[in-house]
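The block underneath contains the structure these notes are about, expressed in structure tokens.
A short reminder: the numbers here are calculations on the coordinates, not readings from a lab. As the structure is a prediction and not an experimental result, all values here were calculated from the model. For neighbour counting, all protein chains shown are included, and Cβ atoms are generated from backbone atoms with ideal geometry for every residue, glycine included.
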Amino acid sequence: MPNSKKIFTVQNLTEKVKQAKALILTDYAGLKVGQINELRTELKKVGAEYEVVKNNLLSLALKSEPLTGPTAALWVYQADDTTPLKTLAAFIKKNELPKIKMGFWEKELISAEKVMQLANLPGLSELQAKLVGMLNSPINRLVLTLNGNLQKLVFVLKGVKTND
């Protein structure tokens with residue numbers, strides 16, 4: 001008979017699954033408590049949540065096959081921002097842990113390799129900056145060309161004036 005605490009936890013996890021735009025499951029074995037707390041803090045700064053979960057309870061919330069090994073979940077609530085994935089990837093590169101098991105992006109199952117590919121994509125603000133730069137580039141070239149012609153005219157007029 002399930003106790004009320006476990007029922008509440010499954011309901012809480014089910015609600016998080018509904019709200020999350022992405023969910024990345026990791027194997028945190030080998031990480032020290034301090035490292036997990038450091039990762040939590042870094043991810044919280046970028047609007048994500050990282051928590052250790054019980055496999056059976058998360059499996060019930062996901063309505064999936066039972067998970068194996070120690071599992072921690074990265075909850076991402078904004079799908080247009082890959083910053084939490086970049087933060088996780090940077091932490092993995094630095095510490096070689098945790099290991100990514102799998103993920104869900106917009107309710108679709110994705111592999112660990114796909115998670116890393118998403119982490120390597122440029123962020124929304126970076127893409128916006130590139131777009132502004134691309135849109136601004138022709139205008140800048142036009143201004144430089146027009147200024148160049150004006151400068152040539154000024155040099156010619158100065159030359160004519162000095163020859164008189």
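The angle between the Cα long axis of helix 33-45 and the main principal axis of the chain comes to about 50°, on a 0 to 90 degree scale. Taking amide H atoms as placed 1.01 Å from N in the peptide plane, the amide H of V53 lies under 5 Å from those of T71, A72, A73, each 5 or more residues away in sequence or on another chain. Cross-linked pairs K16/K94; K16/K130; K45/K130; K63/K130; K5/K86; K5/K93: Cα-Cα separations exceed 32 Å for K16/K130; K63/K130; K5/K86; K5/K93. As a rough footprinting exposure proxy, the listed residues S59, S4 were ranked by other beta carbons within 10 Å of their own, and the order from fewest upward is S4, S59. A simple rule links phi to the HN-Hα coupling: the Karplus curve 6.51 cos²θ - 1.76 cosθ + 1.60 with θ = phi - 60°, which for the range 66-73 gives x, 8, 10, x, x, 10, 10, 10 Hz, with x for Gly and Pro.
With a cut-off of 18 Å, note down the residues of the range 31-58 whose backbone N falls inside the zone around a label point 7 Å from the Cα of K6 toward its beta carbon. Zone members listed by number: 53-58. Taking K107, K152, K18 as the candidate residues, the one with maximal mean-square fluctuation in a Gaussian network model of the chain, Cα springs under 10 Å, is K152. Under 16 Å from the Cα of K18, which aspartates and glutamates turn up, not counting those fewer than eight places away in the same chain? Once the sequence-local aspartates and glutamates are set aside, what remains near K18 is E49, E106, E108.
By the beta-carbon count within 10 Å of each Cβ, the least crowded to most crowded order of E42, E113, fewest first, is E113, E42. For the range 82-139, the Kirkwood hydrodynamic radius comes to 13.0 Å, computed from all pairs of different C-alpha atoms. Once backbone amide H atoms are built at 1.01 Å from N, I110 has G103, F104, W105 as its partners under 5 Å, excluding neighbours fewer than 5 places away on the same chain. So I have (1) -0.39, -0.76, -1.19, -1.28; (2) -0.27, -0.75, -1.24, -1.33; (3) -0.21, -0.68, -1.36, -1.53, and one of them is log10 I(q)/I(0) by the Debye sum over Cα atoms at q = 0.08, 0.14, 0.19, 0.20 Å⁻¹ calculated from this model. Which one is it? So the structure-derived entry is (1). The distance from the alpha carbon centre of the range 120-164 to that of the range 46-92 is 48 Å, rounded to a whole number. If I build a Gaussian network model for the chain, linking alpha-carbon pairs within less than 10 angstrom, which residue out of L25, L62, L153 has the largest mean-square fluctuation? Residue with maximal mean-square fluctuation among L25, L62, L153: L153. Please find, in a Gaussian network model of the chain (springs between Cα atoms separated by less than 10 Å), the residue of M134, M102, M116 whose mean-square fluctuation is greatest. Highest fluctuation of the listed residues: M134.
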